[in-house]
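No value in this document is a laboratory result; all are computed from the given coordinates. Computed from a predicted structure; not experimentally measured. Positions of Cβ are backbone-derived with ideal geometry, glycine not excepted, and every protein chain shown enters the neighbour counts.
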Amino acid sequence: MTAIDLGMPALGGLDLVPQAESPQTAKDFTSDQEVRWCPGCGDYAVLAAVRSFMPTLGIKRENTVFVSGIGCSSRFPYYMDTYGMHSIHGRAPAIATGLAVARPDLSVWVVTGDGDSLSIGGNHLIHALRRNVNLKILLFNNRIYGLTKGQYSPTSETGKVTKSSPMGSVDHPFNPVSLALGAEATFVGRAIDSDRKGLTAVLQAAAEHRGTALVEIFQDCPIFNDGSFDVLRRPETAPQRLIRLTAGEPIRFGPAGEDGLGAYAVVREGFGLRVAEAAEVDPADVVVHDPADVHLAFALSRLSDQDLTHTVTGVFRDVRRTTYDDAVRAQVGEARAAADRTGGPDLQSVLRGRDTWTVGD
Amino acid sequence: MTSTDTRSAADPAAAGAPGSRPPTVVRRDRVVIRFAGDSGDGMQLTGDRFTSETASFGNDLSTLPNYPAEIRAPAGTLPGVSSFQVHFADFDILTPGDRPDVLVAMNPAALRANIGDLPKGGVVIVNTDEFTSRNLTKVGYAANPLEDDSLADFQVHAIPMATLTRGALESTGLPKKDAERAKNMFALGLLSWMYSRPQEGTERFLREKFAKRPELAEANVLAFRAGHAYGETTEAFAVVYEVAKAKLPEGTYRQITGNTALAYGIVAATHVTGLEVLLGTYPITPASDILHEVSRHKAFGVTTVQAEDEIAGVGAALGASFGGALGVTTTSGPGIALKAETIGLAVALELPLLVIDVQRGGPSTGLPTKTEQADLLQALHGRNGESPVPVIAPQTPGDCFDAVLDAVRMAVTYRTPVMLLSDGALANGSEPWQVPDVAALPTVDPAFATEPNAPDGSGAFWPYLRDPETLARPWAVPGTPGLEHRVGGLEKADGSGAISYDPANHERMVHLRAAKVAGIPVPDLEVDDPSGEAQLLVLGWGSTYGPIGAAARRVRAMGTPVATAHLRHLNPFPANLGEVLARYPAVLVPEMNLGQLASLLRSRHLVDVQSYTKVTGQPFKAEELQDVFLTHVPGAAS
């Protein structure tokens, strides 16, 4: 429900961004800067996916901006031949908010990591989400601090041994999807760096969403947290763990069962969800994914635990709510319209105020 | 300064009413009144209204509000006392006045907290209804000062203001408590009568303020009139005062506070630059009023973002500047500390940004509602690395408007964050302000980049290729085809703007950023030395302009020459500063800190400046500085 009826047509995420006059390619979005991530870094895969994906949006490259914070993933803007800002640690959502408010004709993307967005920048992240600014936030989650060379992060598993936690981390981690839902996010998705198709689908939905879209991307750090998501990639383990969401479809996963769908199903249990063997439950009890149901989205986020036993990917939540930047601009527009009815805003009259006197009559 | 009293009996023909005798009319050249009461008594509003009446009458004036940081400190206690001092005159005055001629005390706490500032013979008007034994005990009065001889040095008027207000409002049927709350308007009415102030403005104001509660509007107007009538009909007041209009330069005037002037400057920035403005900020005393005022003027293309914290406020402003709007952020000292990293980023990005610091007492939370000038070194140096920013300090409330526009022109022309240092005294203090002619405000062209500029003719865009004259880099905004580029906090290669770790490049870029700011032209320092014979130069900055000027007048009137100069530009300094400092055998720098400007002058110019400092949270008094000046004049007996 919106507090203010803006009387505006239901806009998509890119509707105010000018369209490119001719088709663009991944090469057009590739800057002349040499990419300097470590060999094998998951960031390469995400960069390649984004470079290929951006041209499909059909918007002008010069109306695209990537804003990042600090960390390995935050070098991302340098590698995109768009407008970009590599800012300071944790503050990218705040900077992007100002940019999005000032410029409705831009497609604004924030690139951040688990340390950048969930430690130092946690405050800006939750406030961007609750305000619902028209930003797309790509949260590269490798569950480790890479650029500072291997300390535990706010998404590292409890007990993780790192340079700064030789006896194991005692910090309890955030679940970024649960956090975003708690922060009133209108769009929350998750993908895995190596899953080009799944990642692109989530990015597509995020781009079309008008409002803040948080996309958590599980991303491997081969240097300090090598293989951390391997159980979600290896053919012998992934099917039993990966749950891919499709709106309107029953949530089934795993190797194909008798009915051709996954052998496992997600069913309701109490206020939450549990995983069951599909053959042992009434098909009517299998949960059908509805991205508008916040309770379902939250319950799905809780299926994913630190040990990745079950990991949900896809779009958890996608609902429409007035965006902050649209509402702010609507107030400015309303004030202008009101002023125009009486001859336009008059600075001289504001400076004079109500009580003046004249000297020298 | 002497006050001229010209007593004359009022026209005897008008003295016909039985039982009343005409008051004597006393002409004064200047008067200082202090309204003091509990923080819930509405003293700020009362003072503000008296000031408006005085402004519309045509006196010159200067005000000093003084209120506690707590919204409602425990009622009737000393920490809960709120006061408002107004100084008005028939000539141009520079300060809110040192000592009040008249103290209005709405309760024992207000009397106790303020009576020490009153000179002998001063007028005290007290609301006796609050002088109960409980309230007296609360503030440490063993006996009622109205009943012993402790106030013998003053002219005391004991008036049961709450009772009289209640009586005047009997017909309204308002509950007793609500009726008594209008007693501040009774006090205002009485003072308005005593000083022959026009009344229409206040009545109109009250009807507008309480437009949705007409019964309260009526009650306040009745109380205001009752106070006026009380003065007129009782014989307690033998004199009324007249202060003639001041002879100010020709023009249209209004009353303005520093914060309002800052807000108007931010709104006017849209006009002088043609840019939209985004004010990203977080509420903090004493700067919040700027946000309140600016948010009322959206029609000019001003957007306000009340961010989640200080850092996000300046972040949103900088993001807007990247997008081709003018980013502005407003705060006080603690907020500057939080914003420092983002201001450093703006230095590296070389984008326009206006940062306004309304200084208050520090360190840490310090004295939120009191004034200080102790953020000067923070403004200049409070960031990591060599991070130069221009710093401008307005000297009066009205000057805050011009200072914003100067800062904006600098920020836009030189693509740099600019720091503006106001303070609590300017923020809430007010003075008459000659309304500027909008059409005459100098404009500035943002001159956005529109074409590739690579010197090799490759058609590439080099975001750090500088204008050879200003050293400013091009400002290319998203949406401009062919100029896609990346900026960031990592060091950039001179010219191309690519990331560079090259040692020689970093050295060059540090020097370029410093040279750009150092090369911003600022007007020469003007020296006021009427006799040309002064041996002492008093150099100030910011809000000390008023008391320094007033003290200099006093010292000159005593026959001792003294020169004064006031720094508006703290970075870069005026080019002639060194020469001015060298011209005088003695230089004195009064500051509301522990000598921050003095130490800068000593290190930059090797001049043995003397520092006079004060950090009480209160502005300098002219009387205090007068004595300090005299002891610093070379050869003076001290």
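Helical content alone sets the calculated 222 nm signal of chain B at -10500 deg cm²/dmol, taking -39,500 (n - 2.57) per DSSP H segment of four or more residues and averaging over every residue. The calculated FRET efficiency for the pair B:Glu526 and A:Asp355, based on their C-beta separation and a Förster distance of 35 Å, comes to about 0.65. The range A:315-347 and the range B:285-329 have Cα centres lying 16 Å from one another.
Classify the range B:221-329 as rounded, prolate or oblate from the Cα gyration tensor: take a ≥ b ≥ c as the square roots of its eigenvalues, call it rounded if a/c is under 1.5, otherwise prolate when a/b beats b/c and oblate if not. Here the range B:221-329 falls in the prolate category. Here the simple spin-label model places points 7 Å from the Cα toward Cβ, and for B:His381 and B:Thr172 these points are separated by 5.7 nm.
Of the residues A:Trp37, B:Trp462, the one with the fewest other Cβ atoms within 10 Å heads the list, and the complete ranking is A:Trp37, B:Trp462.
The distance between label points at A:Glu269 and B:Arg296 comes to 6.0 nm (points 7 Å beyond Cα on the Cα→Cβ vector).
From helices alone, chain A scores -7500 deg cm²/dmol at 222 nm; the rule is -39500 (n - 2.57) for each run of n ≥ 4 DSSP H residues, then divide by the residue total.
Here chain B carries DSSP beta bridges of which approximately 40% are antiparallel, counting only pairs with both residues inside. Close amide H partners of B:Leu326, meaning residues 5 or more places away or on another chain with modelled amide H under 5 Å apart, are B:Glu276, B:Val277, B:Leu278. Would you mind checking the pairs B:Lys247/B:Lys621; B:Lys245/B:Lys621; A:Lys27/A:Lys60 and listing those with alpha carbons more than 22 angstrom apart? Those over the limit are B:Lys247/B:Lys621; B:Lys245/B:Lys621. What the Cβ-Cβ distance of A:Met167 and A:Thr309 gives, at R0 = 30 Å and to the nearest 0.05, is a FRET efficiency of 0.75. Does the range B:151-245 classify as rounded, prolate or oblate by the C-alpha gyration tensor (a ≥ b ≥ c root eigenvalues; a/c under 1.5 gives rounded; else a/b over b/c gives prolate, otherwise oblate)? Judged from the Cα gyration tensor, the range B:151-245 comes out oblate (a/c at least 1.5, b/c at or above a/b).
If amide H atoms are built 1.01 Å from N in the plane of the peptide, which residues on other chains or at least 5 residues away come under 5 Å of the amide H of A:Ser107? For A:Ser107, whose amide H was placed from the backbone, the distant partners under 5 Å are A:Thr64, A:Val65.
Once the Cα atoms are used to define both axes, helix A:42-53 deviates from the longest principal axis of chain A by about 60 degrees. Working note: Karplus 6.51/-1.76/1.60 with θ = phi - 60° gives the range B:118-134 the couplings 7, x, 3, x, x, 9, 10, 10, 10, 8, 5, 4, 8, 8, 8, 4, 5 Hz, where Gly and Pro are set to x.
Shown in residue order for the range B:289-305 are the 3J(HN,Hα) couplings computed by the Karplus curve 6.51 cos²θ - 1.76 cosθ + 1.60 at θ = phi - 60°: 4, 5, 4, 4, 5, 4, 5, 8, 10, 4, 4, 7, x, 10, 9, 10, 10 Hz (x for Gly and Pro).
Span-like helix check, chain B: qualifying full DSSP H segments, with Cα axial length of 27 Å or more and mean Kyte-Doolittle of -1.0 or more, are B:214-233. Applying the Karplus relation 6.51 cos²θ - 1.76 cosθ + 1.60 with θ = phi - 60° to the range B:475-491 yields 3J(HN,Hα) values of 10, 10, 9, x, x, 8, x, x, 10, 3, 7, 10, 10, x, x, 5, 4 Hz, where x marks Gly and Pro. Around the amide H of B:Val587, modelled in the peptide plane, lie the amide H atoms of B:Leu537, B:Gln610, all under 5 Å away and 5 or more residues distant in sequence or on another chain. By the beta-carbon count within 10 Å of each Cβ, the least crowded to most crowded order of A:Tyr78, B:Tyr264, fewest first, is A:Tyr78, B:Tyr264. Can you give the FRET efficiency to the nearest 0.05 for B:Glu208 and B:Leu594, using r as the Cβ-Cβ distance and R₀ = 45 Å? Rounded to the nearest 0.05, the efficiency is 0.50. Looking only at the range B:499-527, which residues have a backbone nitrogen under 19 Å from a spot 7 Å from the Cα of B:Ala575 in the C-beta direction? Answer for this model: B:514-527. Under a Gaussian network description of chain A, with springs only between Cα atoms under 10 Å, the residue in A:Gly248, A:Gly42, A:Gly71 that fluctuates furthest is A:Gly248.
Fewest neighbouring Cβ atoms within 10 Å first, the residues B:Tyr282, B:Tyr241 line up as B:Tyr241, B:Tyr282. Going by a ≥ b ≥ c, the root eigenvalues of the Cα gyration tensor, does the range A:1-100 fall in the rounded group (a/c under 1.5), the prolate group (a/b larger than b/c) or the oblate group? Cα axes put the range A:1-100 in the oblate bin. By the rule of a C-alpha distance below 16 Å, with chain neighbours fewer than 8 residues away ignored, the aspartates and glutamates paired with A:Lys136 are A:Asp15, A:Asp105, A:Asp114, A:Asp116, A:Glu184, A:Glu208, A:Glu216, A:Asp318, A:Asp325, A:Asp326.
Taking A:Ile144, A:Ile223, A:Ile95 as the candidate residues, the one with maximal mean-square fluctuation in a Gaussian network model of chain A, Cα springs under 10 Å, is A:Ile223.
Note on B:Lys492: aspartates and glutamates with a C-alpha under 14 Å away, same-chain residues under 8 apart excluded, are B:Glu350, B:Asp502, B:Glu507. Packing here is the average count of other Cβ atoms within 10 Å per residue, and on that basis the peptides B:319-326, B:552-559, A:184-191, highest first, run B:319-326, A:184-191, B:552-559. Between B:Ala75 and B:Lys247, the simple spin-label model (points 7 angstrom out along Cα→Cβ) gives 5.1 nm.
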